[in-house]
Amino acid sequence: MKSNERPRAPALAALDEAQAAPRCGAKTRSGGACRAPAVTGRRRCRMHGGAPGSGAPLGNQNARKHGRYSAAAKEERRLVRSLIREMRAFNGTVR
Ligand SMILES: [Zn+2]
């Protein structure tokens with residue numbers, strides 16, 4: 001808000017806050033992005049998979065194809081990256 005503007009009424013400030021909530025963004029039947037607010041802690045609105053109790057249970061393997069994005073694979077890549085970073089830093093001290 002610009003400093004020379006009069007502060008908005010508290011009710012309107014609350015509206016601004018609600019409008020600033022993250023949006024769902026799911027593709028709608030008309031081709032656009034859903035503009036409904038995403039459910040707290042989720043990325044989609046209540047109509048697009050954000051409803052309580054929806055979605056797969058934690059640890060579900062039904063859609064697993066290669067495990068490239070499994071927690072173990074991601075952790076391994078993270079470790080290798082940090083080792084490479086350390087080696088590069090070490091090389092810098094030797095030269
Ligand atoms: Zn939606």
Query raised in the report: For Pro37, are the conditions met, namely being touching a helix residue (DSSP H, G or I) at 6+ places or on another chain (Cβ under 9 Å) and within 30 Å of Gln19 (Cβ to Cβ)?
Result: yes
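Okay, residues lined up against (1) β-branched (Val, Ile, Thr); (2) in contact with a Phe, Trp or Tyr (Cβ under 6 Å, 6 or more places away or on another chain); (3) more than 15 Å from the ligand (Cβ to nearest atom):
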| residue | (1), (2), (3) |
| --- | --- |
| Val39 | yes, no, no |
| Arg43 | no, no, no |
| Ala51 | no, no, no |
| Gly55 | no, no, no |
| Asn60 | no, no, yes |
| Ala63 | no, no, yes |
| Ala72 | no, no, yes |
| Val80 | yes, no, yes |
| Arg88 | no, no, yes |
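Out of the range 16-30, which residues are within 14 Å of the ligand (Cβ to nearest atom) and surrounded by fewer than 10 Cβ atoms within 10 Å (Cβ to Cβ)?
Filtering the range 16-30 for residues within 14 Å of the ligand (Cβ to nearest atom) gives 21-30.
Across the range 16-30, the qualifying residues are Arg29, Ser30.
Quick check: is even one residue across the range 44-52 of a type in the set (Gly, Ala, Ser) and surrounded by fewer than 12 Cβ atoms within 10 Å (Cβ to Cβ)? Outline the logic, then answer.
If we filter the range 44-52 for residues that are of a type in the set (Gly, Ala, Ser), which is where we start, we get 49-51.
Keeping just the survivors that are surrounded by fewer than 12 Cβ atoms within 10 Å (Cβ to Cβ) gives none.
Checking the range 44-52: not a single residue is of a type in the set (Gly, Ala, Ser) and surrounded by fewer than 12 Cβ atoms within 10 Å (Cβ to Cβ).
Read-outs: derived from the displayed coordinates by stated rules, not from any lab. Note that this is a predicted model, so its numbers are computed, not measured. Every residue, glycine among them, receives a Cβ derived from its backbone with ideal geometry; neighbour counts consider all protein chains shown.
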